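Engineer: Submitted below is the structure of interest, expressed as structure tokens.
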Amino acid sequence: MATKPKNFEAKDVGGMIRKEKLEPHADETLCLKNRSWLPCFGDLRTLIMHEYHKLKYSVHPGSDKMYQDMKKLYWWPNMKADIATYVRKCLNFTCLKAEVRDVQLTGLEIIHETTEKIIQIKSKIQAARDRQKSYVDVRRKPLEFQVGDKVMLKVSPWKGVIRFGKLGKLNSRYIKPFKVLAKVGTVAYRLELPKQLSRVHITFHVSNLKKCLSNEPLKIPLDEIHIDDNLYFVEEPVEIIDRELKQMNQSPILIIKVRWNSRRGLEFT
């Protein structure tokens, strides 16, 4: 930058020229320790800061980094403060620009994108629903009972209407089993209910019934259950039903089948 000292004698930059601290170079620029002095002439300083700030390899440096880079070549009074102010204004402008850009992403563009997503979600839900329906249609077998079968009755739909046993978390989901008296239509059954449930209609939909898997011959009467003084259940062997000698890891093991006093039918140990 060609600048003669006489052009800046009116603005002596704090006495720098008088004290001969600003040295003229061969290209007629004033320098301080080999750093070019930038006068307060128009937007010259702002232009230099802008060029440094937009360099692609600077990645928008902060004020400290930018000052360290610029002070190697340039100098002017309050240079560090001016750079900090410039960078702060640039950051505020960048944030404001981003906010405005986000606000502008409204209207038909967002509506169109949202509509496409809704259509895509609906198609996927419909595909999953069709796949599950086809799987159920193939795998599901209708629940049927025969007259005389024992079924468990689901009581959860009657909460707040009729109380069965305990309250709260210990409520029973199914009660008894009950005997099937007759089939009503294709999806309902008539049950044999005790007198305690006389207020309940005896016909139930199949969804409220569950097959009872208990084995009647294995039912243990209460008079056969023995409890000692410490309230421990007492089981005693009654007879040996069978015995067998098996070879396990080159060692013979005798296996004995025993009938207990609390077991019936084919239930043995």
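Engineer: Checking Ala182 against (1) at pLDDT 85 or above; (2) surrounded by 13 or more Cβ atoms within 10 Å (Cβ to Cβ): exactly one of these is not met. Which one?
Structural biologist: Unmet for Ala182, out of (1) at pLDDT 85 or above; (2) surrounded by 13 or more Cβ atoms within 10 Å (Cβ to Cβ): (2).
Engineer: Name the residue that is nearest to Leu193 (Cα to Cα), counting only residues in the range 130-166 that are modelled with pLDDT of 75 or more and small (Gly, Ala, Ser).
Structural biologist: Top of the filtered list is Gly148.
Engineer: For the structure I just gave you, tell me whether Lys211 is at pLDDT 80 or above, out of contact with any Gly (no Cβ under 7 Å at 6 or more places or on another chain), surrounded by fewer than 10 Cβ atoms within 10 Å (Cβ to Cβ) and charged (D, E, K, R). Talk me through it step by step, then tell me what you get.
Structural biologist: Details: at pLDDT 80 or above: yes; out of contact with any Gly (no Cβ under 7 Å at 6 or more places or on another chain): yes; surrounded by fewer than 10 Cβ atoms within 10 Å (Cβ to Cβ): no; charged (D, E, K, R): yes.
No.
The values are calculated or read from the model by the stated rules, or taken from the named source; none is laboratory data. Because the structure is predicted, anything quoted here is derived from the model rather than measured. For neighbour counting, all protein chains shown are included, and Cβ atoms are generated from backbone atoms with ideal geometry for every residue, glycine included.
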